[in-house]
Amino acid sequence: MGWLHRPPPGQGVRLGLVLCNPFGYEAICAHRTLLALAEAGAAAGLPSLRFDYDGTGDSAGDDRDPDRVGAWARSIGHAIDLLRAQAGVERVCLLGVRLGALLASVVAAERDDCAGLVLLAPVVSGKAWLREQRALQGALGLAPAPTGLAAVPSEGNGQESVGFLITEETRTALSAIDLSRLERPPAPRLLVLDRADLPVAARSIERVRAQGARVDPGSVHGYTEMVLDPHDAVVPATTVAEVGSWLRALALEAPSAEAAVAARGSVAPVRAGLTEGGTSIVEEPLSIGIGCFLIATQPANAPRRRRGILLLNAGAIHHVGPNRLYVALARRWAALGHVVARLDLAGLGESPARVGERDNVVYPERALEDVSAALAWLGRQPGVLTRHAVGLCSGGYHAWKAAVAGQPVDGVVVINPLTFFWKPGMPLDFAPHRLAIEAQRYARSARSLASWWKLLRGEARFDAVLHVVTRRAASLAFHRARSIARRVGVTLGDDLAAELESVARRGVAIAFLFAAGDPGIELLRVQGGHSVEALQRKGALTIDTIAGPDHTFTPLWSHPPFAARLGALLDGIP
C-alpha cells in the first residue's frame, strides 16, 4: 500500500522521493512525521511516495511471514520502480527513519538510480537495534502470558517489540547488517541527521566519506517527541524544514521532466486482492464524507447476508489500529463474509483536518459526522443487513456516542473506554480515568495523616481525593436521584445510565470489552449505576474482560484471545 504526493501544479519534476518507515510501534508513532516529510518533499518539487513494507501497515502479510528483511528490501525496490514509472523521473532520493534508514542504505547501495539519501535518527547496526528493542520491551513491564498461553505463539525464539514480532529468521538477517560494512557508498550525496540525544552515526559517516560520497551531517532535534504515543507525538518542524531545503537543492541538480502523477488528495480506485485463511478478499481505499480516508475489506464475492463492521481510531493511532490489530481483525472478518471499514476520523491518520481545525485531535467535536458517513457507506454495500461500530479507547467513545445519537447501528462494541463524557479542551492527562486511579490510591491511605497533609499543602489533587471520599457513599444516592429525575421527566446532563437505557430501548446490542483492571470498568459501573446490572440481567448489555494485557493489548500473547473475544461478542449479536 502506498500514498503518492505530487508537487504543486505546473512545477517540473526533477527527482522522486521514496520514504522508508521505521519498524512497528515507531512507525505508528512517527506516522504524522512521515506524512509531513512527504509533503515537504512534494513542496520541494519531488513527487513523494510513502508506503508500507510487505507484511506491515496496510500491505499484505504479517510479521510471521518468511524472509522479512528480504521482503522489506524488495518493497523499497518496488516503490522506487513504481515512482519512476508514475512520475517519469530517472533518479530518486530515499529517506529512511530509524530502521528504515538502515534498509534504505542497503537498497541504495545496490542500485544506480539513487541520487541522494536522507537518514533520520538512523539505525547503523542491526545487532545494536535488536538489543535496544529487547531493552525497550523489558522496560514496559508488561504482564506475562497467563498459564496455558505461549508468550510468543508458535514462534520459538521470536522476539517481541512493543506489540510486534521479530522472528528468529528476521533477527539473524538484521544482525548481519551494518552501515559501516557497506562495500560502496549508498548514494553520491547524503544528509545524515543523527539523534541529538544519542548520536551513533559518526563512524558510518566517515566511512561513506572515505568512499567518495558527500555527507551533510546534522541532528534531529525533537526525535523523542516525534515517537511519543501518537496522541502526544510532535512533528519536528525544524527538521522537516531542513530536509525540505536539502531536497530542494538536490532536485535542482537533476534534469526536469513533465509531471505525470495523480492529483493531490485523490484516492486511486484500486482493489487489491488478498487471501486470508484460504478465502479471497479484497481491500479498497476510499474517500468519504469531507474526504476522510477509509479502507474497506470484504470477500471477493459478497454473500447475500452479512454484517457491516466499522473500526474507529484508537486514540490518535491511524487506521491500522494498535499493534496493527485492526488490519488482522478486518481481514479475518472479511474472510467470514463481512465487510469491514477502517476509518480515519478527520484530522487523524490519512484524513485531513477540517478547515480551521487542528489535526491529531483524539476527540474531535464533529467526529459523529465522519462516523455517520462511514455507516452510510456500509449501509449501501450489497448484502449488509446489520451495522456495528467497534472501537478501542476514544474509538469506543465515538462508537458509543454514535449509538446515543441514534445513528443507524445495530450493535456497538466499546473497548477500554477512558471517559463517557468528553469536554472540548479537556487535557488527556486529566481525563476522568486518571482521577479514578489517583482516587483509588488515596482510598488505600485515606486514614493516613501524611495523605491529608499532602492535600493541605496542595501536593494532591483535591478533586480526586474528594471523589474517593464521597464516591462510595454518594454515588448510590446520586444515581438513585438521577433515576427518580428520569422517571418524572427531568433531563440531566452527563447521565450514562440514561444513555444506556435509551440505546437499549432502541434494540441496539451493547457490549463492553475490558482488559481486566482497566479503569474504564470502574467508570462504567459508577456512572452507569443500577442500569448496568439491570441491562445485563435483560441480556441487553454484556461486559467481558481479559486478564493480563495493558490498555492497548500490547503483549503478543494477548492478540489471539482479544480477537477471539471480540469475534464472540459480534457473533452474539443477532
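The values are calculated or read from the model by the stated rules, or taken from the named source; none is laboratory data. As the structure is a prediction and not an experimental result, all values here were calculated from the model. All Cβ positions, even for glycine, are placed from backbone atoms using ideal geometry, and neighbour counts span all protein chains on display.
For the stretch 1-50, what are the residues that are within 19 Å of the chain's Cα centre (by Cα) and basic (Lys, Arg)?
So the first thing to find is which residues in the stretch 1-50 are within 19 Å of the chain's Cα centre (by Cα), and the list is 1-3, 19-38, 50.
Matches in the stretch 1-50: 32, 50.
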Let me confirm something: among 142, 136, 130, which residue is within 29 Å of residue 549 (Cα to Cα), part of a loop (DSSP other than H, G, I, E, B) and not acidic (Asp, Glu)? 142
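Being small (Gly, Ala, Ser) and in contact (Cβ under 8 Å) with a residue 60 or more places away in the chain is the filter here; which residues of the stretch 126-151 pass it? Full working, then the answer.
Start the filter on the stretch 126-151 by keeping residues that are small (Gly, Ala, Ser), which leaves 126, 128, 135, 138-139, 141, 143, 145, 148, 150-151.
Residues satisfying the conditions are 128, 143, 145, 150, 151.
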Condition (residue is farther than 16 Å from residue 414 by Cβ, among the charged types (D, E, K, R) and in contact with a helix residue (DSSP H, G or I) (Cβ under 9 Å, 6 or more places away or on another chain)) applied to the stretch 547-562: is it met by at least one residue? yes
Could you list all residues from the stretch 246-277 that are at pLDDT 95 or above and either among the acidic types (Asp, Glu) or under 23 Å from residue 359 (Cβ atoms) (or both)? 247
Residue 66 passes all but one of (1) farther than 16 Å from residue 174 by Cβ; (2) over 20 Å from the mean Cα position of the chain (by Cα); which number fails? (1)
Enumerate the pairs (first residue in the stretch 518-543 and within 16 Å of residue 569 (Cβ to Cβ) and without any contact (Cβ under 8 Å) to a residue 40 or more places away in the chain; second residue anywhere and among the small types (Gly, Ala, Ser) and surrounded by fewer than 18 Cβ atoms within 10 Å (Cβ to Cβ)) with beta-carbon separation below 9 Å, excluding pairs fewer than 6 apart on the same chain, so at least 6 apart or on different chains. 540/507; 540/534; 542/572
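Table: residues versus (1) at pLDDT 90 or above; (2) not in a loop (DSSP other than H, G, I, E, B).
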position: 480; (1), (2): no, yes
position: 483; (1), (2): no, yes
position: 490; (1), (2): no, no
position: 493; (1), (2): no, no
position: 502; (1), (2): yes, yes
position: 512; (1), (2): yes, yes
I'd like to check something: does the stretch 313-330 contain any residue that is within 22 Å of residue 409 (Cβ to Cβ) and either among the basic types (Lys, Arg) or assigned by TED's automatic domain parsing to the domain that holds residue 53 (or both)? no
Given the criteria in contact with a Ser or Thr (Cβ under 6 Å, 6 or more places away or on another chain), aromatic (Phe, Trp, Tyr) and more than 18 Å from residue 240 (Cα to Cα), does residue 53 qualify? yes
